[in-house]
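The values are calculated or read from the model by the stated rules, or taken from the named source; none is laboratory data. As the structure is a computational prediction, the values presented were derived from the model and not from experiment. All accessible areas refer to the heavy atoms of the entire protein, side chains included, with ligands and DNA or RNA removed. Shrake-Rupley method; radii C 1.70, N 1.55, O 1.52, S 1.80 Å.
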Amino acid sequence: MAKRKRKKIEARRAAQKPVTATTRKGVIIAVTACAIFSLLGFAFIGAGIREIAFTYRCSAEAPGLITDVTIKNEYKPGKRSKKPQYWATYSYEYDDTASTDVFVTAKIVRSGKRITIRYNPDDPDQKYVKGYDDAGNVLCVIVGIVWVGFFALIAYCAIVLHLREQAAAKQQSSGR
């Protein structure tokens, strides 16, 4: 029985392709691919930082009131329905100017609710509703950092593996 197992293992090993050394071209391709995929991570980081900077510019506050709420559900044939979207119309005053606007959220919103609007004092058109703003700003930066780090690690491992194989080959050739 042990002989049969040994024969099966030997047959498997013979069928496997031999492990080949990394080539310079392969390492360059791997590092280039990692660099390209890292660009997506840098895009995440940039988008998160822009959103965080936007919220910091909006330093003035104004009280507001939700006047109307419309619930929209998107149904697609053959797919589950998404969570409903709440389109809330709100009114507020800043610098003795009355204004009305709409925000869209997945959170449940009721008419008559008092809210706080944060706006940029230099450009009042730049605003968001406090508590209903995108909470993914910091998450976007974190995902981008992890993404870039992951592909940097893969590129680093490819380079180190190649350099170790080169050093071992050089040592083996000089040892003969």
Worksheet entry | Principal semi-axes in Å for region 80-161 [√(5λ), Cα gyration tensor, largest first] | 41, 19, 8
Discussion item. Starting from a Cα-only point model with no solvent, please compute log10 I(q)/I(0) by Debye for region 21-73 at q = 0.13 1/Å.
Written reply: -0.66
Discussion item. Let me cross-check Asp125: its accessible surface, 1.4 Å probe, with only protein heavy atoms counted, in Å² to the nearest 10?
Written reply: 120
